[in-house]
1. May I ask you to compute the full-extension gain from residue 508 to residue 240, defined as 0.36 nm times their residue separation minus their alpha-carbon distance, rounded to one decimal in nm?
2. How far apart, in nanometres, would the label points at residue 372 and residue 182 be if each is projected 7 angstrom from Cα along the Cα-to-Cβ direction?
3. Rounded to the nearest Å, what's the spacing between the alpha carbon centres of segment 181-234 and segment 55-80? Just the number, please.
4. Can you tell me the 0 to 90 degree angle between the C-alpha axis of helix 377-387 and the longest principal axis of the chain, rounded to 10?
5. Based on the mean of other Cβ atoms within 10 Å per residue, sort peptides 468-478, 332-342 so the most packed one is first.
6. Would you work out the relative contact order for segment 89-243, in percent, from Cα pairs under 8 angstrom that are 6 or more residues apart?
7. Which order do peptides 320-329, 110-119, 552-561 fall in by mean Cβ count within 10 Å, highest first?
8. With semi-axes √(5λ) of the Cα gyration tensor in Å in mind, check (1) 50, 37, 25; (2) 129, 35, 21; (3) 101, 34, 21 and report the label derived from this structure.
């Protein structure tokens, strides 16, 4: 039906007759001449309808927004002074000699040719309309380019793309599983995979050496801007490579990706930072290095002060007192300081103490703060020295349990750094390594795996059993601009070590056999040393395209409540379907306040 795509026409096609198909992006009637911007996936081109071609001109008068058209005409140069440098086809236009309306269209629920604000629910309800917008198609084009680049790197480095099952077994991976009832095995359920973790380890036991997969995964968890119930990851596993070899190869892949898709140069090598350093200096295990500020521990200077909030946290083995210096922050108003206190309260902080440095040279006299009178002068001056405070700065303080202080000041660091223009550079990747093997949960009174239960420790079996709280893992996360884009580890490849880890996690032999017996059996048959990583493809595309949410880079995402307004899913099923599955629905509990 067409000889060319709309957005492909250039001066190289001058005087050629072409057939184009697309949607009416915009129609303009200039009194005797009609202009239609015809749009397809590749872009826009201006089509001119002249009264000399009466049939085409008359039909063009009836065209409205989003009509689907077929145009036959001749490519010509735009008249001098009417070129559009912002358009790929901006130097040419098509003089239409024939026009066919392939389909009419009702007025769209929102305009496509402008930047009018439209609610996300409306956009998702009419996603097929939303996806016509050039900005959305550009994001999906970039997604295509990114996936193609990653696949090309994997193929060139000896990795095989191997598909793993979607119908699998429920396993504890940190989130709820989506369960699928089995009709042929009554009262039994499949689970949709949260990741192909166990299958890819079994592929290494199978001797397939280097595996990858661009794979759909499913997690029934609470959502936010960078989470969806179904998502895509680049899943990778390799044998006979240690941690450094794996991370070196993966950062080579990401450097090549950014160069190919964005023509951006990333550092070589990426910085490496331990988990302990990241939490100490940035309050986060995914630090945004574009913001140069660091948290500074000052508890040792405040153990004897009379200010109980500081002294109590300083003496608490699980407490932390940290300071954050904001250059030129003394200009903040009282309202702005109150707003910042409300912000850190989101993270559990009970307040936000501060000291404004109005004149560093005059010592204590040059400070403004409601807390200075409660602190020893020598401690205050020592803190200012330690954080490098200068005239015009403000120093914020956090004093509480270490987790609360780190999260609150870490978030404040990001907020102030970006809002006040201190962020430096466009791309700041790094590796975070040496994660703890386990984290203790006081509520449940047991250990949980920091990554997952198949991650190898850096110590031996006996050392791990003797002090699991001090054990570090062979885990590693790739972080970009404060977002984790990939996480992985060297895996446990010996059954004795896997048995110990399961027991430390409270998984006894019977449960381990029930849930992971196939893996434990496989480890007996010559499992090689292996490790891998998974990259969140949606997050990566979101960052590289400048989108605010992964929903912007997915063709058909769900809302934050895991609902699809376009097809109205999830939806009820028939009683017959439920009977076939042996399922009986219970009436949901009535909301509070409703009649009994």
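Please treat every number below as a calculation from the coordinates, not as lab data. Just so we're clear, the structure is a prediction, and the values are computed from it rather than from any experiment. When we count neighbours, we look across all protein chains shown, and the Cβ atoms used for this are built from the backbone with ideal geometry, even at glycine.
1. Values: separation 268, 0.36 × 268 = 96.48 nm, distance 2.99 nm.
Full extension of this stretch gives 93.5 nm more.
2. Reported label-point gap for residue 372 and residue 182 is 7.2 nm.
3. Segment 181-234 and segment 55-80 have Cα centres separated by 49 Å.
4. Tilt of helix 377-387: around 40 degrees.
5. Details: 468-478: 20.1, 332-342: 12.7.
Taking the mean over residues of other Cβ atoms within 10 Å, the ranking is 468-478, 332-342.
6. Working: 157 pairs, mean separation 24.2, N = 155.
Computed value for segment 89-243: 16 percent relative contact order.
7. Numbers: 320-329: 22.4, 110-119: 11.9, 552-561: 16.9.
Output ranking for 320-329, 110-119, 552-561: 320-329, 552-561, 110-119.
8. Read-out from the structure maps to (1).
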